[in-house]
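Comments concern the structure below.
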Amino acid sequence: MYAPSQYYRPFFLLIIALALAWALNLVLGSVVIPLKDIGSILMGGQAREASWYYIIWNYRIPKSITAIFVGGGLSLGGLLMQTYFRNPLAGPFVLGISSGASLGAALLFMGSAAFGISILSDISVVAAASMGSFLVLFIIIITASHVRDTMALLIIGLMFGSITGALVSILAYFSSAEQLQRFIFWSFGSVGNLSTQQNAILGGVVGLGLVLSFLLVKPLNALLLGENYAKSMGVSLQRSRAIILITTGLLAGTITAFAGPIAFVGLAVPHLARQFFSTMEHKVLVPAVFLLGAVLMLCCDTVAQLPSMARVLPINAITSILGAPMVIWLLLRQRKLLF
Amino acid sequence: MSDYTLSIQNLAIGYRKVILAQEINFQLKAGALCAIIGRNGIGKSTLLRTITQLQPKIAGAIVLKNKTVEDYTPPELSSTLSIVLTEPLATKNLTVLELLALGRQPYTNWFGRLTPKDRLQIAAVMEQFDLTALKDRKCYALSDGQLQKVWIARAAVQDTPIMVLDEPTTHLDLHHKVEILKHLRHLATAYQKTILFTTHDIELALQLCDTLLILDGATNPFGAPKRLIDQGCFATLFPPDQIIFDARKGAFTIR
């Protein structure tokens, strides 16, 4: 039963972790900036070198905020999918929703010339990626109502990944080197280089996702017992399903549009949160998953920056390298992913 | 106004064009414990799913407390009728207490906040079902018998005048079957609930239930155990060249 006091301690620890991860993310980067100067820059003071001020305020801070939105948002999407499908392996990436977003983005990046569209604004990328993710989500829902087997659902998600991958290759084959490069760089994933306006759009969508998730707490808890029981306890299945799908589609679509297809965060974080808080209660899990996702994404980004080196690694590679063993570790620890 | 809490009139059940059973008629009052028996595949679960609005009926009427079931809003129905199904628990990571607390959903606010009254209700049901010691146990660590008891306790927490259960005694040993059925008997008698369940444990049902519905797809005899035995309804339930019914003992024997 829900007793808030029991979760004060883990939440306190999580907020400390977020503060540490955030600080680390600001301190470490390609350019070495002494801690003392970072402090004075953050306080609004002067730095010994003008470029440091610029790096902190115009690069590292926006990037860290993007990382928090991306990590938190993707993890929320993963939580919603896992509860809705009652499947521990569900997530925006596994179910092919991110692939759908990739396809949408690829069509825009590489097909825009062919279709005679020349507007490549932020909004159009978001719209294209969201539409792609909604399309896949929609198809998965339809198949899910016919196939009750959860394993089959994952295989379907995997097949969608293959189909979209193939379509993207075909698009790539017919596109120019410059278009292709844009798409490839996008697909590596990155939380940097977002303008203030882009960050605002991302923040708005993730904020909306967070609010909708809180509104969904009660039906999500009921869905843990399955749709029939949820219905028998007065949950309006159609309405809850629609809100869950719209929320996930918006989150996965927008985040993928801005930061590229980022793997494993949506899958692994909800499991870590369930372990850490030892509960299935969504009142706890919604904020916990968001915070933990933000912490993890900040850490992944810090690693990707390769502190004090000039090169930056693709963040998608880092989340996979860290995320995949994490899922394997969870599997080994519990023999099966308990859900 | 009749004093029946559950009234089934000329009901036909099935899927789209396939009618599984028709001409189903029976009435239950508050405090009644009724078992539905019948061969495998005759439509026992379908009947329960139809009554509980998990699938549409084909013809006839289902009346709960003087109002047809289709006229109930989802929240209204959830505080009138609770269910226990055969589908396995999808999330075995829930604790017993978390699962039981979900039974209060029809009464909680939009955020699912439990009031002191809700908590008292949950504690009382836990005590009644002897689950207090298990309350923090995760569901994957429970035996089949314990888990079934938790499911029934969850329905009891939902505190509805009508409870519908699909094969609550299947997969349990004789001791646990009897324990479950005695809990149901107690819920019906002490709390004046109307309880309808399907079962293959005909001999136990004959001893504990007020009424039985024999689903045979066509005539569907309904009545008190003694009357159904006198009418010879059980003699023809299974192929008489293999299984015979001893009307005196109320038991089946192999020929």
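Summary of values
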quantity	calculated
Which listed residue is within 28 Å of A:THR279 (Cα to Cα) and modelled with pLDDT under 80, from A:LEU137, A:LEU153, A:LEU79, A:LEU120	A:LEU153
Given (1) part of a helix (DSSP H, G or I); (2) within 8 Å of another protein chain (Cβ to nearest Cβ), number of the condition B:ILE152 does not satisfy	(2)
Options A:LEU267, A:LEU291; residue that is surrounded by fewer than 24 Cβ atoms within 10 Å (Cβ to Cβ), more than 14 Å from A:GLY189 (Cα to Cα), in contact (Cβ under 8 Å) with a residue 24 or more places away in the chain and not aromatic (Phe, Trp, Tyr)	A:LEU291
Check on B:LEU165, touching a residue at least 24 places away in the same chain (Cβ under 8 Å), more than 17 Å from B:LEU142 (Cβ to Cβ), crowded, with 23+ Cβ neighbours inside 10 Å and not aromatic (Phe, Trp, Tyr)	yes
Whichever residue in the stretch B:66-75 is more than 8 Å from every other protein chain (Cβ to nearest Cβ) and part of a helix (DSSP H, G or I) and, among such residues, is nearest to B:TYR4 (Cα to Cα)	B:VAL69
Residue within the stretch A:73-89 that is within 14 Å of the chain's Cα centre (by Cα), assigned to a loop (DSSP other than H, G, I, E, B) and surrounded by 18 or more Cβ atoms within 10 Å (Cβ to Cβ) present	no
Residue that is nearest to the other protein chains (Cβ to nearest Cβ) [pool: residues in the stretch B:105-143 that are among the basic types (Lys, Arg) and part of a helix (DSSP H, G or I)]	B:ARG119
Selected residue (only one of B:PHE234, B:PHE238, B:PHE252 is of a type outside the set (S, T, N, Q) and crowded, with 19+ Cβ neighbours inside 10 Å)	B:PHE234
Filter result for B:ALA101 (more than 9 Å from every other protein chain (Cβ to nearest Cβ), in a helix (DSSP H, G or I) and closer than 23 Å to B:PRO168 by Cβ)	no
The stretch A:224-241, residues that are crowded, with 19+ Cβ neighbours inside 10 Å and of a type in the set (Ser, Thr, Tyr)	A:TYR229, A:SER232, A:SER240
Tally, over the stretch A:200-217, of residues that are touching a residue at least 40 places away in the same chain (Cβ under 8 Å) and part of a helix (DSSP H, G or I)	11
Given (1) touching a Gly at 6+ places or on another chain (Cβ under 9 Å); (2) crowded, with 21+ Cβ neighbours inside 10 Å; (3) without any contact (Cβ under 8 Å) to a residue 60 or more places away in the chain, index of the condition B:ALA188 fails	(3)
Helices (runs of 4 or more DSSP H) within the stretch B:160-255 that include 3 or more residues within 18 Å of the chain's Cα centre (by Cα)	B:174-191, B:202-208
Top-ranked residue of the stretch B:78-88 - restricted to ones that are facing chain A (nearest Cβ under 7 Å) and outside any strand (DSSP E or B), ranked as surrounded by the most Cβ atoms within 10 Å (Cβ to Cβ)	B:SER78
Test result for A:SER240, part of a helix (DSSP H, G or I), within 14 Å of chain B (Cβ to nearest Cβ), of a type in the set (Gly, Ala, Ser) and over 16 Å from the mean Cα position of the chain (by Cα)	yes
Extreme residue, nearest to the other protein chains (Cβ to nearest Cβ), among residues of the stretch A:192-215 that are surrounded by 21 or more Cβ atoms within 10 Å (Cβ to Cβ) and modelled with pLDDT of 90 or more	A:SER213
Exclusive hit being buried (at least 20 other Cβ atoms within 10 Å of the Cβ) and either more than 25 Å from A:GLN82 (Cβ to Cβ) or in contact with a strand residue (DSSP E or B) (Cβ under 8 Å, 6 or more places away or on another chain) (or both), set B:GLN121, B:GLN128, B:GLN105	B:GLN121
Some residue of the stretch B:20-36 being farther than 30 Å from B:PHE238 by Cβ and touching a Gly at 6+ places or on another chain (Cβ under 8 Å)	no
Failed item, numbered, when B:LEU94 is tested on (1) more than 7 Å from every other protein chain (Cβ to nearest Cβ); (2) buried (at least 21 other Cβ atoms within 10 Å of the Cβ); (3) closer than 26 Å to A:VAL286 by Cβ; (4) not small (Gly, Ala, Ser)	(1)
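Quick grid of which residues meet (1) closer than 20 Å to A:ARG60 by Cβ; (2) assigned to a helix (DSSP H, G or I):
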residue: A:PHE276; (1), (2): no, yes
residue: A:MET280; (1), (2): no, no
residue: A:GLY293; (1), (2): yes, yes
residue: A:CYS300; (1), (2): yes, yes
residue: A:LEU306; (1), (2): yes, no
residue: A:MET309; (1), (2): yes, no
residue: A:LEU313; (1), (2): yes, no
residue: A:LEU322; (1), (2): no, yes
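The values are calculated or read from the model by the stated rules, or taken from the named source; none is laboratory data. Source: prediction; values computed, not measured. FYI the Cβ positions are ideal-geometry reconstructions off the backbone, even for glycines, and counts take in every protein chain you see.
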